[in-house]
Amino acid sequence: MKTVIIGGGISGLAAAYYLSRHQPSNQVVLLESSSRLGGIIRTEQQEGFCLEAGPDAFVRQKKKAAELCRELGLGSELIANRIANQVSYSWLDGKLHPLPRVLNPPIDLDQLVASPLLSPSGRLRASREPEIPPGGGVDESVASFMGRRFGPEVVQRVFEPLVAGVFGGSASEISLPAAFPHLLDFEQQHGCLSLPGTESASPSGTKAEESSFQSLRNGMGQLPAKLAQVLQEVVQLHLGSSVRSIGRDGGRFRIELESGASLQTDSAVLATSAPVAASLLEGDLKPISDLLGQIEYAPSILVCLGYRQEVVDRPGSGWIAPPDSGKALLACTWAHRKFDHRCPTGHSLLRAYLAGRSASSLLEADDRPIVRIVRQELREIQGVTAHPVVQRVYRLPRALPLYKIGHLDLVSRIKQSLRQTPGLFCIGNYLDGVGIPACLRHAQSVAAQGDPHRPSHSSKSP
C-alpha cells in the first residue's frame, strides 16, 4: 500500500512518523512545497538568542506532545515555563494591569471583581455571575456567552484580547463550543463558571503554582528536526515538490505535481491549511474542496527583538491589548521570562505580535516600518527605549484558523464527506484544535486505523 502525505508541517511529519510505526509495510511519500520542514514551527539561533517564528510551547496538561518528544529521544530537552512569571497583563488607560485568570473554570470571582480593568458597574455586574442561569448549550459566540454570564465590560476588557491572542479573531465571531468547549461543559454541569472558595486554574488547566507550558531547550524547531531525522530512513521526503492537483482514477488518487510529474497512490493525506487543501482537490472531490474553502484564517506578524540588557521592569510573562486599544500590537511575550535558555544571562528577548487588520495591512511591507511601529508601541506601553541588537520579522498569512460560529457543523460535514471518500484524509489545526497536541492526536488516528474521524483508544489520550 502507498500513502502520499502533502505538507511537511507538524501534522504531516507526525502522520508520516505514526504511519511508519503502525503500518511499517506502507510505502509513505511526503511532499513539501518549500525548502524546509516544520511548517509554522521554526526556530532560529542568532547571537545567542533563540528566536521562535511560530508557536514557542505546548500546553503541559495535554500530554501527547511531551510523549512524542520522549519517544524521539528529546525527553531530556523538555523544559517547563517559569512558575514565578506566569502572571500576564492587559493594557488599559495607559497602564499595564494584572490579567485575571478566566480561561479555565472555576473562575476566581473575587480576583475578577477586584481587577482594576473593570469599572464599579462592571464589577457589580460580574459579581452576579453565580446567579445567572445556564444557557441552552447552543452554538454561540464567546462574546454572547461571556456577556450573558459576566456582562459586556468583562467581554470587552478581558475576553476580547484573550480571544484575539489565541485565535486572531473577535470574541463576537468565535464560537465558544468550538474554541472553548470546556467553558460550556462547566456551565452545563455546575450552572455557573465561578464557585465560592475555589482557586482559578491556569490556562492549561493546572493550578497557578504549577507550570502551564512546556517547550524544548533549543526551541520548538527541535521537534520537526528530530522527526525529519528519524523519517529519513523510512519515508521518502521530497522538499520543493509543489502539488498542482489531486483527483481520482477509479479507486486510487492521482497527484499532479507542478514539475509535470504525477503520482498514483492508494491514499492521500492533506496536511496543509484548509485553503491550500481546497485549491488542490478537483473532479468528484470538488464538494470537499467547497467545504474546506469556507474555513477562514487570520494573518499574523511576529517580531522578535533581542536586547543586551533587561528591558522588563516587573514579574510576568507579557501582556495583551484589547483590539480597540488603538495600538497595532495585540500582545508581547517576554520570552526570556517565560523560559530559560532563550538568551544570554542579563539579556532580554521580546516577541511582539500584530494580528487582524494591523497584520493584514503590513504583510507586504518591508521589515523596517514594521519594526519601527513595534518599537514605538513598546516604548509607549512598556517604556522600552533600548536599541535591539537582534531583530527578526516573521509573516504568517495563515497563522490561525478562525473557529467561527458554525465551525463545528462545518467540520462535521467535512468529516462526513471524507468518510464517503475512502483513502482521502485531511489533518491540521483547522479541525479539532489549534495546538500542537491536537494536531499530533489527529495525525496518530490516521495511522492507527486509517480513519481520523473514529479515533482509536490510543488517540484519545490527552
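The values are calculated or read from the model by the stated rules, or taken from the named source; none is laboratory data. Here the structure is a predicted model, which means the values were calculated and not measured. Methodologically, a virtual Cβ is constructed for each residue, glycine included, from the backbone with ideal geometry; neighbour enumeration extends over all protein chains shown.
In the condition set (1) of a type in the set (Gly, Ala, Ser); (2) surrounded by fewer than 17 Cβ atoms within 10 Å (Cβ to Cβ); (3) assigned by TED's automatic domain parsing to the domain that holds residue 269; (4) touching a helix residue (DSSP H, G or I) at 6+ places or on another chain (Cβ under 8 Å), residue 73 is compliant with all but (3). Taking the criterion of being in a loop (DSSP other than H, G, I, E, B), surrounded by fewer than 20 Cβ atoms within 10 Å (Cβ to Cβ), in contact with a strand residue (DSSP E or B) (Cβ under 9 Å, 6 or more places away or on another chain) and modelled with pLDDT of 90 or more, would at least one residue in the stretch 78-89 satisfy it? For the stretch 78-89, residues in a loop (DSSP other than H, G, I, E, B), surrounded by fewer than 20 Cβ atoms within 10 Å (Cβ to Cβ), in contact with a strand residue (DSSP E or B) (Cβ under 9 Å, 6 or more places away or on another chain) and modelled with pLDDT of 90 or more: absent. Among the residues making up the stretch 400-428, a single one is hydroxyl-bearing (Ser, Thr, Tyr) and exposed (fewer than 14 other Cβ atoms within 10 Å of the Cβ): 412.
If a residue has to be at pLDDT below 95, in contact with a Leu (Cβ under 8 Å, 6 or more places away or on another chain) and more than 22 Å from residue 167 (Cβ to Cβ) to count, how many in the stretch 314-367 make the cut? Final tally of qualifying residues: 1. Going by the conditions given, is residue 52 farther than 24 Å from residue 264 by Cβ and surrounded by fewer than 23 Cβ atoms within 10 Å (Cβ to Cβ)? The answer is no for residue 52. How many residues does the stretch 99-115 contain that are crowded, with 18+ Cβ neighbours inside 10 Å and either not polar (S, T, N, Q) or not in a loop (DSSP other than H, G, I, E, B) (or both)? Qualifying residue count for the region: 11. Only one of the numbered conditions (1) acidic (Asp, Glu); (2) under 26 Å from the mean Cα position of the chain (by Cα); (3) assigned to a helix (DSSP H, G or I) is violated by residue 139, and that is (3).
No other residue among 416, 449, 420 is closer than 20 Å to residue 404 by Cα, over 18 Å from the mean Cα position of the chain (by Cα) and either at pLDDT 90 or above or assigned by TED's automatic domain parsing to the domain that holds residue 10 (or both) apart from 416.
Residues being in contact with a Leu (Cβ under 7 Å, 6 or more places away or on another chain), under 30 Å from residue 365 (Cβ atoms) and surrounded by fewer than 20 Cβ atoms within 10 Å (Cβ to Cβ) are represented in the stretch 279-295 by at least one member. Report yes if some residue within the stretch 377-398 is free of Cβ contacts under 8 Å to residues at least 24 places away in the same chain, of a type outside the set (Val, Ile, Thr), part of a helix (DSSP H, G or I) and in contact with a Ser or Thr (Cβ under 8 Å, 6 or more places away or on another chain); otherwise report no. Yes: the stretch 377-398 contains one or more residues that are free of Cβ contacts under 8 Å to residues at least 24 places away in the same chain, of a type outside the set (Val, Ile, Thr), part of a helix (DSSP H, G or I) and in contact with a Ser or Thr (Cβ under 8 Å, 6 or more places away or on another chain). Would you point out the residue of the stretch 1-39, among those that are among the polar types (S, T, N, Q) and assigned to a loop (DSSP other than H, G, I, E, B), that is surrounded by the fewest Cβ atoms within 10 Å (Cβ to Cβ)? The selected residue is 25.
Out of curiosity, is residue 48 at positive phi, among the small types (Gly, Ala, Ser) and in contact with a Cys (Cβ under 8 Å, 6 or more places away or on another chain)?
Numbers: at positive phi: yes; among the small types (Gly, Ala, Ser): yes; in contact with a Cys (Cβ under 8 Å, 6 or more places away or on another chain): yes.
Against the criterion (at positive phi, among the small types (Gly, Ala, Ser) and in contact with a Cys (Cβ under 8 Å, 6 or more places away or on another chain)), residue 48 qualifies.
Of the residues making up the stretch 162-196, those that are in contact with a Leu (Cβ under 7 Å, 6 or more places away or on another chain) and assigned to a helix (DSSP H, G or I) are 162, 164, 165, 167, 176, 177, 178, 183, 184, 186, 187.
In this structure, is residue 352 buried (at least 23 other Cβ atoms within 10 Å of the Cβ), part of a helix (DSSP H, G or I) and either in contact with a Pro (Cβ under 6 Å, 6 or more places away or on another chain) or not β-branched (Val, Ile, Thr) (or both)? Full working, then the answer.
On the way: buried (at least 23 other Cβ atoms within 10 Å of the Cβ): yes; part of a helix (DSSP H, G or I): no; either in contact with a Pro (Cβ under 6 Å, 6 or more places away or on another chain) or not β-branched (Val, Ile, Thr) (or both): yes.
For residue 352, the condition - buried (at least 23 other Cβ atoms within 10 Å of the Cβ), part of a helix (DSSP H, G or I) and either in contact with a Pro (Cβ under 6 Å, 6 or more places away or on another chain) or not β-branched (Val, Ile, Thr) (or both) - is not met.
Restricting the first member to the stretch 94-111 and to residues that are on the phi > 0 side of the Ramachandran plot, and the second to residues that are of a type outside the set (Val, Ile, Thr), the beta-carbon pairs closer than 9 Å and six or more apart or on different chains are 94/380.
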